[in-house]
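Below is one structure, written out as structure tokens; comments come after it.
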Amino acid sequence: MYKKLALAAVGARESAYAPYSSFKVGAALLTENGKIFTGCNIENAAFSPTVCAERVALFKAVSEGERRFSAIAIAGGGDSVVATAPCGVCRQALTEFCAPSLKVLLVSDRTGAYKETSLGELLPSAFNETDLRG
Ligand code: THU
């Protein structure tokens with residue numbers, strides 16, 4: 001399943017709209033019940049409306065009623081064997097819906113090979129709804 005998820009992220013990268021950075025990213029998010037939601041980065045001439053591939057995948061899934069996830073694969077950006085790690089904003093966005101145990105696959109878009117890490121490793125001591133309760 002993880003190989004399929006990694007390849008889905010590589011495929012999603014094809015749709016990236018990145019005319020300003022040329023840094024194309026694809027993401028594929030796996031629900032606990034086995035569905036895959038993909039996303040790509042979508043840039044904007046005003047820069048700040050740009051959204052990352054990971055958040056596009058997450059928001060597509062959440063907007064379709066999904067709330068429970070087991071893994072996300074990320075492929076990008078510069079046709080490189082070095083996999084892209086999710087940015088801090090995406091780590092925080094994922095924290096809203098995903099446990100620290102969420103598997104994060106950092107995929108080489110050139111080879112499809114991936115490194116495995118977790119959301120908890122990437123964002124230790126995350127801020128979440130329990131902090132709001134004081
Ligand atoms: N980008 C992502 O899509 N995901 C990340 O985790 C890092 C950055 C995108 C945003 C922007 O379109 C481009 O990569 C360069 O930052």
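Quick notes on this structure:
- Residue by residue, region 112-119 carries 3J(HN,Hα) couplings of x, 6, 9, 9, 9, 9, 9, 4 Hz when phi is fed to the Karplus relation 6.51 cos²θ - 1.76 cosθ + 1.60 (θ = phi - 60°); x denotes Gly or Pro.
- Counted without the sites themselves, the longest stretch of the chain free of GluC sites (Glu not before Pro) in a DSSP loop having at most 16 other beta carbon atoms within 10 Å is 97-134.
- Solvent-accessible heavy-atom area per residue, rounded to whole Å², over the chain at 1.4 Å: 52 Å²
- Relative contact order, whole percent, for region 6-106 stands at 27, derived from Cα pairs under 8 Å and 6 or more residues apart.
- Rh by Kirkwood over Cα pairs, then Stokes-Einstein D for region 66-123 at 1.002 mPa s and 20 °C, µm²/s: 185 µm²/s
- The smallest convex shape that holds all Cα atoms of region 1-57, its convex hull, gives 61 Å³ per residue.
- Contact order relative to length of region 1-62, as percent, for alpha carbon pairs under 8 angstrom and 6 or more apart: 29 percent
- Sequence-distant residues sharing a close amide H with Ser118 (under 5 Å, placed H): Val104
- Ligands, DNA and RNA left out, the 1.4 Å accessible surface of region 1-92 is 57% carbon and sulfur atoms.
- What the Cα atoms of the chain give is an Rg and a Dmax of 14.0, 46 Å.
- Those aspartates and glutamates that a straight Cα-Cα span of less than 16 Å connects to Lys103, excepting residues fewer than 8 apart in one chain: Glu32, Glu54, Glu116, Glu121
- Sparse-neighbourhood loop sites, chymotrypsin sites (Phe, Trp or Tyr not before Pro) in region 28-83 - DSSP loop, at most 14 other Cβ within 10 angstrom: Phe47
- Residues whose amide H falls under 5 Å from that of Ala113, counting only those 5 or more places apart or on a different chain, are Ser108, with hydrogens built in the peptide plane.
- Under the combined filter of DSSP loop state and at most 13 neighbouring Cβ atoms within 10 Å, region 5-69 retains these trypsin sites (Lys or Arg not before Pro): Lys35, Arg67, Arg68.
The values are calculated or read from the model by the stated rules, or taken from the named source; none is laboratory data. None of these values were measured; they are calculated from a predicted model. Methodologically, a virtual Cβ is constructed for each residue, glycine included, from the backbone with ideal geometry; neighbour enumeration extends over all protein chains shown. The protein model used for the area step is the full one, side chains on, heavy atoms only, and it has no ligands, DNA or RNA in it. Shrake-Rupley method; radii C 1.70, N 1.55, O 1.52, S 1.80 Å.
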